[in-house]
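The values are calculated or read from the model by the stated rules, or taken from the named source; none is laboratory data. Here the structure is a predicted model, which is why all the values come from computation and not from measurement. Note: ideal-geometry Cβ built from the backbone for every residue, glycine included; neighbour counts use all protein chains shown.
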Amino acid sequence: MSTPAAGPPLPVTTLLAVAPVTDLPRATTWYTHLLGRPADTHPMPSLAEWQLTPDTWLQLFHSPEHAGSTLINIGVPDLDSALAELAERGLEADTPQEGAGGTVRFAALHDPEGNRVTLIEGRG
């Protein structure tokens, strides 16, 4: 199979991360604790949505057949502070690790659906 020739960059304006879930109310409660605020909108009965930055959204979507296999990476300015805050909210993450030659630190936790959420702090 041949590789297509590269063209101009794709003009991306928005990024939506979607986590399929089996139990939308339970997952919405968990992400409310994770993010420290309720969902910004529920555009349809099967969807909860948080606007994390002006152009970045996290969506929970009721889709039982796809639930439990999503990986979500969230950048934070201070991993230790974020983990301490989450612990106060009752959310425990794995022990922080270093990666990429020491340029990042990260720690993961799992939502009730089994989706992996990793908090990442850049270090350089």
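Could you tell me how many of the residues in the range 76-95 are exposed (fewer than 15 other Cβ atoms within 10 Å of the Cβ) and closer than 15 Å to residue 117 by Cβ?
Of the residues in that region, 6 qualify.
So, of the residues in the range 15-36 that are over 21 Å from residue 92 (Cα atoms) and within 15 Å of the chain's Cα centre (by Cα), which turns out to be modelled with the lowest pLDDT?
Per the stated criteria, the residue is 15.
Looking at (1) of a type outside the set (Lys, Arg); (2) loosely packed, with under 15 Cβ neighbours inside 10 Å; (3) within 25 Å of residue 13 (Cα to Cα); (4) touching a strand residue (DSSP E or B) at 6+ places or on another chain (Cβ under 9 Å), which is the one condition that is false for residue 61?
(2)
Would you check if residue 24 is in contact (Cβ under 8 Å) with a residue 24 or more places away in the chain, in contact with a His (Cβ under 9 Å, 6 or more places away or on another chain) and hydrophobic (A, V, I, L, M, F, W, C)?
The answer is yes for residue 24.
So which residues in the range 97-111 are surrounded by fewer than 16 Cβ atoms within 10 Å (Cβ to Cβ), closer than 23 Å to residue 69 by Cα and among the hydrophobic types (A, V, I, L, M, F, W, C), if there are any at all?
Matches in the range 97-111: none.
Can you pull out the strands (runs of 3 or more DSSP E) entirely within the range 64-124 that have at least 2 residues that are hydrophobic (A, V, I, L, M, F, W, C) and in contact with a strand residue (DSSP E or B) (Cβ under 8 Å, 6 or more places away or on another chain)?
71-75, 104-110, 116-122
Quick check on the range 40-58: of everything there that is assigned to a loop (DSSP other than H, G, I, E, B) and either within 18 Å of residue 14 (Cα to Cα) or basic (Lys, Arg) (or both), which residue is modelled with the highest pLDDT?
Taking the candidates together, the pick is 40.
I'd like the full set of residues that are touching a Lys or Arg at 6+ places or on another chain (Cβ under 9 Å) and surrounded by 16 or more Cβ atoms within 10 Å (Cβ to Cβ), limited to the range 65-75.
70, 72
When you scan the range 81-96, do you find a residue that is of a type outside the set (Asp, Glu), under 12 Å from the mean Cα position of the chain (by Cα) and closer than 25 Å to residue 123 by Cα, even just one?
Taking every residue of the range 81-96 in turn, none turns out to be of a type outside the set (Asp, Glu), under 12 Å from the mean Cα position of the chain (by Cα) and closer than 25 Å to residue 123 by Cα.
Within the range 1-34, can you find the residues that are of a type in the set (S, T, N, Q) and out of contact with any helix residue (DSSP H, G or I) (no Cβ under 6 Å at 6 or more places or on another chain)?
2, 3, 13, 14, 28, 29, 32
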